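As structure tokens, the structure follows; a few thoughts come after it.
Only the coordinates and a few stated rules stand behind these numbers; no lab work does. Please read these numbers as outputs of a predicted model, since none were measured by experiment. Every residue, glycine as well, gets a Cβ built from its backbone with ideal geometry; the counts of neighbours run over all protein chains shown.
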Amino acid sequence: MKTTIALALALICLLAVAAQAQDVNVDWQRGNDFSKYKTYAWGESQHPIKDDMWAQRVVGLIEDQLKAKGLTKVDAGASPSVVVVYNAGVKQNESLQGYRTGGFYMGGSGSIQKVVENVGTLVVDMYDPAQKSHAWRGVAEDTLSDKSDKNIKKVENAVKKMFEKYPPKDKT
């Protein structure tokens, strides 16, 4: 009986961790020659981060990854081989959690609480101005913490995971 309870608790904990795992996806124009992208410039975001400190942090993280991939930043007027844009947002997910105290068969009391989670989304797009087409997109989504240090780590990991898949390996 104790073993069954321990296994059930372990499974619940494992599922809870998996549910909170960061979700990162990439997509790209199949058949595109990504070796031709040597320079980049920033385009205008439609949904930029309004907090200047966070906006600078995100741009810096993306630029670090682009540099590590061999791309050089140029001015927009210098005919970059790719234009990079990021967009970000936060949505609130509401759920109900129930709690029960006391015995299962002998009564007890319970309560239900509304839980609000802030879920942040970061989208990084790369456009090919010569082809006038979307070349690559990375999307990351994760539940935000109320602690800035934890959120910084989450964004660092998200951007790193995105660019682990750049340039993409075509499977065609």
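Summary of values
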read-out	value
Spin-label proximity, Asp51 to the stretch 146-164 - amide N less than 11 Å from point 7 Å beyond Cα toward beta carbon	146-152
Cβ charges +1 (Lys, Arg) and -1 (Asp, Glu), total dipole of the stretch 27-138, debye	220 debye
FRET efficiency, Lys91 to Thr39 (Cβ-Cβ, R0 35 Å, nearest 0.05)	0.55
Relative contact order [Cα under 8 Å, 6+ residues apart], the stretch 35-102, whole percent	54 percent
Length gained when the stretch Asn25-Glu164 is fully extended (0.36 nm per residue, less Cα-Cα span)	49.0 nm
Space enclosed by the convex hull of the alpha-carbon atoms of the stretch 22-164, per residue, Å³	144 Å³
Most to least packed among 154-165, 35-46, 129-140 [average Cβ atoms within 10 Å]	154-165, 129-140, 35-46
Fully extended contour minus Cα-Cα distance, from Asp146 to Val59, at 0.36 nm per residue	29.2 nm
Net length gained if the chain between Ala130 and Tyr99 were fully extended (0.36 nm per residue, minus Cα distance)	5.4 nm
Cα-based reach from Lys153 at 30 Å (exclusive), listing lysines while leaving out same-chain residues under 8 positions away	Lys38, Lys50, Lys67, Lys69, Lys73, Lys91, Lys114, Lys161, Lys165, Lys169
Sorted largest first, extent of the stretch 54-93 alpha carbons per principal axis (Å)	41, 21, 15
